[in-house]
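Below is one structure; the comments refer to it alone.
The values are calculated or read from the model by the stated rules, or taken from the named source; none is laboratory data. None of these values were measured; they are calculated from a predicted model. Don't worry about glycine lacking a Cβ; one is built from the backbone with ideal geometry, like all the others, and counts go over all protein chains shown. For the accessible areas, the whole protein counts, side chains as well, though only heavy atoms, and no ligand, DNA or RNA atoms are used. Shrake-Rupley method; radii C 1.70, N 1.55, O 1.52, S 1.80 Å.
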Amino acid sequence: MPELPEVEVISRGLAKALVGKTIESVKILNHGTVKMPWHVFASRVAGCSVSRVHRRGKLLIMDLGEDLHVTFHLKMTGRVLAHESAISPDKHSRVVFGLTDGGSIEFHDTRKFGEVRALSTSELEEWSFYRKLGPEPLETSAADLADILVGRKAQMKGLLLNQSVVAGIGNIYADESLFRSGIHPKAKASDLSKETLENLFVEVQKVLKQAISENGSSIRDYVDAGGDAGGFQNSFKVYGKKGEACPNCGETFESGTVAGRGSTFCSNCQKMSD
């Protein structure tokens, strides 16, 4: 699933390609993708101009004026692509927006898990998924993020994956950040000092910024708004490296299920407590 860096890269690419352009038509090819009455969605969007493209957590948002927001939840395989011309949809194209300049926006989703909505500002703010999102890790200080975790008895990996605790972090960036900060994914926040937790979020911010600079991580399906793959997978230190040697100590990376997700870690370098 695309995480914060991938969605940020997509949003920046779409902003460059789309801001100021007007949607002329809406073609819904899979009604299950649009999580509202399809005719309401189409009538709201057609004729509107793109004023901004941005991100909240893992959610991609395309603003149409001041009071209409098209939200894309990419889930496992969703892609939002900007095309300079009209396209011939393939079997995985779910929604296609035609633009007045002849271009198009395509929501492409192989597994049909993705979701698209067109919401007013009040509807967006009332949407339970959006309302429950935690703070943005790149817009909040490491100290303030650490304060959220101090004393909590849950495991660190689960806390990082919990979108109501901090928004946008998924499996890849949780594993990478925990390794780089020397914290075991099964460690409980209550067993770690405020200083250790603050250092974790310093590493979270570094990892996320590096991933954005390298165009995100392409493991299976992710591409940016122009169809290009990311490169941060070449910088992974631990994710997906079960059985390989830890670059810090030489011990073999272990793996297991933490918070319901596959996790890779070094038991020698990553501590359970201070």
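Annotations for the structure displayed:
- For GluC sites (Glu not before Pro), the sites in the stretch 12-111 that DSSP calls loop and that have at most 13 other Cβ atoms within 10 Å are E66, E84.
- Mean Cβ neighbour count within 10 Å, used as a protection proxy, ranking 159-169, 88-98 highest first: 159-169, 88-98
- Across the accessible surface of the chain, with the other protein chains kept in place and a 1.4 Å probe, carbon and sulfur atoms take up 45 percent.
- Across the stretch 100-144 the C-alpha pair distances fall into 5 Å bins from zero in the proportions 4, 14, 13, 13, 19, 18, 10, 6, 1, 1 percent.
- Each eigenvalue of the Cα gyration tensor of the stretch 149-274, multiplied by 5 and square-rooted, gives one semi-axis; in descending order these are 24, 17, 13 Å.
- Where Rh is the Kirkwood radius over Cα pairs, Rg/Rh for the stretch 19-160: 1.04
- Crossing angle, helix 171-181 versus the chain [Cα axis fit, 0-90 degrees, rounded to tens]: 30
- Contact order normalised by residue count of the stretch 172-247, Cα under 8 Å, 6+ apart, percent: 30
- Here K209 is the anchor, and the aspartates and glutamates within straight C-alpha reach of less than 14 Å, apart from those fewer than 8 places off in the same chain, are E3, E6, E8, E136, E139, E176.
- Descending semi-axes in whole angstrom, ellipsoid equivalent of the stretch 68-116, from the Cα gyration tensor: 19, 13, 7
- Across the chain, the mean sequence separation of Cα contacts (distance under 8 Å, 6 or more residues apart), normalised by length, yields a relative contact order of 19 percent.
- Pairs from the list K241/K271; K27/K75; K112/K157; K75/K132; K157/K206 with a Cα-Cα gap above 24 Å: K112/K157.
- Applying 0.36 nm per residue to the separation of S273 and K237 and subtracting their alpha-carbon distance, the gain on full extension is 10.8 nm.
- Under the combined filter of DSSP loop state and at most 15 neighbouring Cβ atoms within 10 Å, the stretch 114-191 retains these trypsin sites (Lys or Arg not before Pro): K132, K153.
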